């Protein structure tokens, strides 16, 4: 098995706009793409990874040059992309580059948000679909499983996933710093902005006890509250409801402030100064900047959250560098395993030929010697085997040696010297 037999062709968020990517997404409900791929000239194993940000075809081929010519038309076959645009929107990796690429993908080093965990689950699902369709074998089984373990190692040995890098998640992380555990907390959504909803979703995963939705249009509040199994209130009830709220996320389209310093000051007295965390994701801002002057009131606006995200992105980039070094190391290990796969058939053939010669000569010798005891026959067999092993030691060591040069040439030389491809052997 040669390293260059592994090929990856794909498009992602860096190379192609969503209008192109969505034309290439394969449905997980159909086995047709798998059967078409497996019928392609040279292909022996395949896997298809299809997400909102990337579509990639991973194949093992007996004839990489021919398979490469066929892959791009296959990938873009149902799209409006013409032949001249194939290379513009796609990337092709082969051999060590393909191995490195998949390890980076699985570890989310190639993701739009470095360190996000979803891609590993998507890669595992892609592998399962391929395996269920009998499209994987010894190489891809090992390759895909190795990509999972590399991702796990990077997450264990680095802090690549430890810092919030989205506005909504940064808000949740700040809330945890203020309150510690969030299980018994109540969150209020004011308005129905997308980022506010995302923040609420993140908070729910942390186990908050209740969601209150406040909206100028009560029907909209009811609709959103139902989604979060919470309760709804009109905008007029905002301040009365505030007494029992721990976290408020505001994202309205109002042109004026929704909550002012003088509105909240008396509420804090009734709350016995329990901490109140305010997140203003609106533009223009919903919440009075003077609120930060009140004791135990913590107000963050979109600029504050963006600053947190930027700091965390820098931290993730530093951790990503450590992850890249692990990828280089693991690529080398996997390449060595593949090289071993390449020489194994020749080593097996060498040993088989030596054993055959030994067996023939022992039988001939034993036939010419009368009254050999079983013990003597065994001693002769042992001696012949030892001689064969000593003679094979140097050529096998030569094959296994990790030295510069063409592995194919070394294999051809050994096979020629020992007549391994001779039909009479």
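Here are a few things to note about the model shown:
- Label-point separation in nm, residue 74 to residue 145, each point 7 Å along Cα→Cβ: 2.4 nm
- Tilt relative to the chain, helix 302-368 - C-alpha long axis, 0 to 90 degrees, to 10: 20 degrees
- Mean sequence separation of contacting Cα pairs (under 8 Å, at least six apart), scaled by the length of the chain, corresponds to a relative contact order of 13 percent.
- Across segment 286-425, Cα-Cα pairs more than 17 Å apart make up 76 percent of the total.
- Compactness index (Cα Rg / 2.2 N^0.38 Å), segment 3-157: 0.96
- The chain - share of DSSP beta bridges that are antiparallel (%, nearest 5): 45 percent
- Packing order of peptides 384-396, 280-292, highest average first: 280-292, 384-396 (average count of other Cβ atoms within 10 Å over each peptide's residues).
- Cβ-derived FRET efficiency at R0 30 Å, residue 116 paired with residue 84, nearest 0.05: 0.35
- Rounded to the nearest 10 degrees, the inclination of helix 194-205 to the longest alpha-carbon principal axis of the chain is 70 degrees.
- For peptides 78-87, 233-242, sequence by mean Cβ density within 10 Å, most packed first: 233-242, 78-87
- Binning the alpha carbon pair distances of the chain at 20 angstrom intervals from zero yields the distribution 20, 35, 27, 12, 5, 1, expressed in whole percent.
- Here segment 167-310 has an Rg and Dmax of 13.6, 37 Å, counting Cα atoms alone.
- Cα-based Rg / Dmax (Å) for segment 337-417: 16.4, 54
- For the peptides 364-376, 264-276, residues were scored by their other Cβ atoms within 10 Å and the scores averaged per peptide; the highest-first order is 264-276, 364-376.
- Estimated Rh, segment 254-306: Kirkwood, alpha-carbon pairs, angstrom: 11.4 Å
Values quoted throughout were computed directly from the atomic coordinates according to the rules given, and no laboratory measurement underlies them. Everything quoted here is computed from the prediction, not taken from an experiment. Note: ideal-geometry Cβ built from the backbone for every residue, glycine included; neighbour counts use all protein chains shown.
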